[in-house]
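The values are calculated or read from the model by the stated rules, or taken from the named source; none is laboratory data. Predicted, not measured: the structure shown is a model, and the values here were computed from it. Counting neighbours? That spans all protein chains shown, and the Cβs are built from the backbone with ideal geometry, glycine included. With ligands, DNA and RNA removed, areas are computed over all heavy atoms of the protein, side chains included. Shrake-Rupley method; radii C 1.70, N 1.55, O 1.52, S 1.80 Å.
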Amino acid sequence: QVNLVESGGGLVQAGESLRLSCAASGSFFSIDAMGWYRQAPGKRRELVASITSGDSTNYEDSVKGRFTISRDSAKNTVYLQMNSLKPEDTAVYYCNLDRVRGPRGYANYWGRGTQVTVSS
């Protein structure tokens, strides 16, 4: 069993910044990759950014140059620094852990989501 705690969401004006955090706790040996997804009302959930255990990163085109994903392996935490926020970034952001190795094998985990609202 793995528990995820997300934080850092909120209401900001366009051009401002937010930093999201996702801390994992529980019984597990390793995490292959961590990422952030987002879902706006009426839209599909999409991958925003991901980072592997080898620190390889991937970003959705619209956030390149503005968002930065990072991780702290010792703390089992992934971060998403969001700068120059735009109203189009408004969505619920979800933390995702891919291929988590635990005592009984592998599993995927999702956070419950944190709201990010950017006003114009």
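Observations, loosely collected:
- Residue list for segment 78-90, restricted to those being at negative phi and not β-branched (Val, Ile, Thr): TYR79, LEU80, GLN81, MET82, ASN83, LEU85, LYS86, PRO87, GLU88, ASP89
- Residue list for segment 11-24, restricted to those being open to solvent by 60 Å² or more (accessible area, probe 1.4 Å) and in a strand (DSSP E or B): LEU11, GLN13, ARG19
- Among the candidates GLY113, GLY65, residue that is closer than 21 Å to ASN3 by Cα, out of contact with any helix residue (DSSP H, G or I) (no Cβ under 7 Å at 6 or more places or on another chain) and not polar (S, T, N, Q): GLY113
- Hits in segment 67-116 - residues which are in a strand (DSSP E or B), among the polar types (S, T, N, Q) and open to solvent by less than 50 Å² (accessible area, probe 1.4 Å): SER70, THR77, ASN96, THR114
- Flag for SER30 being under 20 Å from TRP110 (Cα atoms), open to solvent by 50 Å² or more (accessible area, probe 1.4 Å) and touching a helix residue (DSSP H, G or I) at 6+ places or on another chain (Cβ under 9 Å): no
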